[in-house]
Amino acid sequence: MKKFLFYLLNLTWGLVLNIVGFIVALVLLCAGKKPKRWGDCFYFEVGKTNWGGLELGIIFLTQKKPSEHTRNHEHGHAVQNCFFGVFMPFIVSIPSAIRYWYRTIREKKGLPNKTAYDDIWFEGQATKLGTKYVGEINRD
């Protein structure tokens, strides 16, 4: 996917998440946080470690010192936002958040999670898309 198309789709069809992302980014900027760039997205490191990330269009939030996998994964959700647009919150974002908290609560109770994080289609797809997309950007 070309950079122009990525931004065009995110800022039109996928505008819903981006509006939230821009508001969050503005608050974080006012709080003195500095954004970093990953691929064609911008991200902020917030909170403690070991929580992963949260995608809000072309803006995403991550734990401090995120892995390359986490940054690629969150960027992949931004690519998904190009495909799913206004439906992204209902198809990916909300189910992803529910699943994250469900898994976290199970872990805190000492119960094993029977599947890997990327085993559900929207998480696995995000990782694959992000890894591929960021890799293509780095080759250009």
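Taking chymotrypsin sites (Phe, Trp or Tyr not before Pro) in DSSP loop conformation with at most 16 other Cβ atoms inside 10 Å as exposed sites, the chain has its longest uninterrupted site-free stretch at 52-140. Averaging the sequence gap over all C-alpha pairs within less than 8 Å and six or more residues apart, then dividing by the number of residues, gives the chain a relative contact order of 25 percent. For residue 33, a cut-off of 16 angstrom between C-alpha atoms picks up these aspartates and glutamates, skipping any fewer than 8 places away in its own chain: 45.
Helix-derived [θ] at 222 nm for the chain: sum -39500 (n - 2.57) over DSSP H runs of at least 4, divide by residue count, nearest 500? It would help to have the intermediate numbers written out before the result.
Working: 5 runs with 75 residues, N = 140.
Taking each H run of at least 4 residues, the total per residue is -17500 deg cm²/dmol.
Computed over the chain with a Gaussian network model linking Cα atoms closer than 10 Å, the most mobile of 57, 39, 110 is 110. The gain in end-to-end length when the residue 29 to residue 65 segment is fully stretched comes to 11.1 nm, 0.36 nm per residue minus the alpha carbon separation.
Solvent exposure of region 85-140 amounts to 67 Å² per residue of accessible area, where only protein heavy atoms count and the probe is 1.4 Å. What is the sum of charges around residue 60, taking Lys and Arg as +1, Asp and Glu as -1, for the other residues whose C-beta is under 12 Å from the C-beta of residue 60? Once all neighbours under 12 Å are counted, the net charge is -1. When the solvent-accessible area of the chain is split by element, carbon and sulfur atoms take up 67 percent of it, the probe being 1.4 Å. The HN-Hα couplings worked out from phi for region 49-65 by the Karplus form 6.51 cos²θ - 1.76 cosθ + 1.60 (θ = phi - 60°) are 7, 6, 10, x, x, 9, 9, 9, x, 7, 10, 9, 10, 9, 5, 5, 6 Hz, whole numbers, x standing for Gly and Pro.
The values are calculated or read from the model by the stated rules, or taken from the named source; none is laboratory data. On a predicted model such as this, the values are computed, not experimentally measured, just so you know. Neighbour counts run over all protein chains shown; Cβ positions are idealised from the backbone, glycine included. The protein model used for the area step is the full one, side chains on, heavy atoms only, and it has no ligands, DNA or RNA in it. Shrake-Rupley method; radii C 1.70, N 1.55, O 1.52, S 1.80 Å.
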